[in-house]
1. Roughly what % antiparallel, to the nearest 5, for the DSSP beta bridges in the stretch 98-342?
2. Multiplying the sequence separation of LEU272 and GLN88 by 0.36 nm and subtracting their Cα-Cα distance, what value in nm do you get?
3. Indicate the gyration tensor shape class of the stretch 309-348 (rounded, prolate or oblate), computed on the Cα atoms with a ≥ b ≥ c the square roots of the eigenvalues: a/c under 1.5 is rounded; otherwise a/b larger than b/c is prolate and the rest oblate.
4. Which one, ILE268, THR242, PHE150, projects farthest toward the positive side of the charge dipole computed for the stretch 98-342 from Cβ point charges (K/R +1, D/E -1)?
5. How big is D, in µm² s⁻¹, for the stretch 236-343 by Stokes-Einstein at 10 °C and 1.306 mPa s if Rh is the Kirkwood radius over C-alpha pairs?
6. Extension gain LYS232-VAL330, at 0.36 nm per residue separation less the Cα-Cα distance, in nm?
7. What shape does the stretch 98-342 take by its C-alpha gyration tensor, where a ≥ b ≥ c are the square roots of the eigenvalues and a/c under 1.5 counts as rounded, a/b above b/c as prolate, and the rest as oblate?
8. Of TYR256, TYR227, TYR325, how do they rank once you tally other Cβ atoms within 10 Å and put the fewest first?
Amino acid sequence: MGFCSPVCKILRRGKYFVLLILSLSVLAWIATFSGETVKSVLVSSATTQALVKEVTLRDKLNSWTAAPDRVNTQPLKTECPEKSPLLQGALNLSFESSLKLKDVEGDNKDVNEGEYEPSDCMARQSIAILIPHRNRERHLLYLLHHLHPFLQRQQLHYAVYVIQQAGDATFNRAKLLNVGYLEALKDYSWECFIFHDVDLVPENDHNLYMCDKQPKHLVVGRNATGYKLRYKGYFGGVTAMTKEQFLQVNGFSNIYWGWGGEDDDLRIRVELQKMKIVRPPAQVARYTMVFHKRDSGNEINKDRMKLLGRTPHVWRKDGLNSCSYKTLSVERLPLYVNVTVDIGKPQS
Ligand code: UD2
Ligand code: MN
């Protein structure tokens with residue numbers, strides 16, 4: 001015993017030591033394994049969520065009234081201030097003939113596929129800018145050049161959609177805007193839509209590109225009309241309506257081919273719904289219209305007065321719910337989403 005006990009002690013201690021090492025490694029292994037498990041559970045649940053998201057997204061794409069919410073990967077941000085500190089007021093607009101698309105892209109590196117959101121605060125509204133277009137590339141370039149920084153100074157979450165009418169049938173501004181609304185909602189549930197002529201450049205960034213409780217008309221005045229409202233009830237050029245307001249009036253009419261009438265038709269729809277058009281103060285709601293002649297393929301619509309008389313009777317069945325078209329392509333360019341569409345031609 002006297003001889004064995006120190007050896008036994010050592011053996012026993014050694015045993016404990018080995019046991020200790022063994023249990024520590026088991027513990028370490030369990031810890032690593034459970035970490036991995038948690039991680040993999042998280043990853044797989046994220047993947048499932050992503051898949052679920054994609055499935056619901058696809059479902060929602062089939063229905064044009066509902067659109068997917070974006071997966072928010074951003075850390076929580078506080079809401080942007082009611083008045084952006086970045087606003088500059090009246091602007092010096094330039095229309096340089098030497099301006100190139102590459103320059104405008106270079107100036108707007110934070111815009112991704114036509115979309116932007118402030119990095120330091122949460123925008124108060126998400127807005128889709130819809131621009132009806134055919135053969136006005138120069139005007140589009142000037143507008144993009146001024147509009148992107150303008151909207152960024154307003155701290156908005158926005159995306160620009162250009163809706164191109166394919167072919168050379170008579171132009172139909174209103175139907176293109178209906179298409180823009182339907183197509184943009186497939187990307188995101190935009191709460192506000194701005195229907196924007198390609199040749200109108202805002203002169204003052206206090207003219208907020210946000211929707212109101214009532215439909216909003218943003219062009220009180222422009223250079224060519226001495227900055228005066230053209231006539232009472234005028235609702236052309238640039239207008240802002242929420243997703244719901246536009247749905248409530250069944251969007252624009254689809255049957256105004258050629259120049260004129262479609263803006264008054266929208267006003268009638270708004271008035272029929274007992275909504276009231278609001279406008280920002282005249283000193284800020286100012287635009288420069290880049291000079292142009294009447295385009296060929298957009299001749300004056302001689303039927304417009306007759307059509308306007310019918311609006312109260314037909315608005316329920318002529319509009320968003322009857323807008324048939326064929327999307328030919330959707331290109332996600334750096335500064336805008338380019339939707340090319342076949343909207344057909346006037347019925348004889
Ligand atoms: C006025 C209105 C406009 C619309 C139009 C009658 C203003 C400031 N604007 O514009 O909103 O009601 O009358 O339809 O009062 N476009 C093309 N390619 C074409 C033809 C038209 O891209 O070949 C687009 C473009 O976005 C243009 C818009 O349609 O800005 C309106 O056409 P316009 O500029 O020829 O008509 P305008 O200035 O009389
Ligand atoms: Mn014009």
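Here, each number is a calculation from the coordinates, and none is a lab measurement. This is a predicted model, so every value here is computed, not measured. No Cβ is skipped: glycine too gets one built from the backbone with ideal geometry, and neighbour counts run over all protein chains shown.
1. Numbers: 19 of 40 bridges.
Once the DSSP bridges in the stretch 98-342 are tallied, antiparallel ones form about 50 percent.
2. Numbers: separation 184, 0.36 × 184 = 66.24 nm, distance 3.76 nm.
This chain segment gains 62.5 nm when fully extended.
3. Details: a/c = 3.46, a/b = 2.25, b/c = 1.54.
Since a/c reaches 1.5 and a/b is larger than b/c, the shape of the stretch 309-348 is classed as prolate.
4. Ranked along the dipole, the leading option is ILE268.
5. Details: Rh = 16.2 Å.
For the chosen part, D equals 98 µm²/s.
6. Working: separation 98, 0.36 × 98 = 35.28 nm, distance 3.76 nm.
Net length gain for the segment: 31.5 nm.
7. It comes out rounded by the Cα gyration axes.
8. Details: TYR256 27, TYR227 16, TYR325 20.
The order, fewest Cβ neighbours first, is TYR227, TYR325, TYR256.
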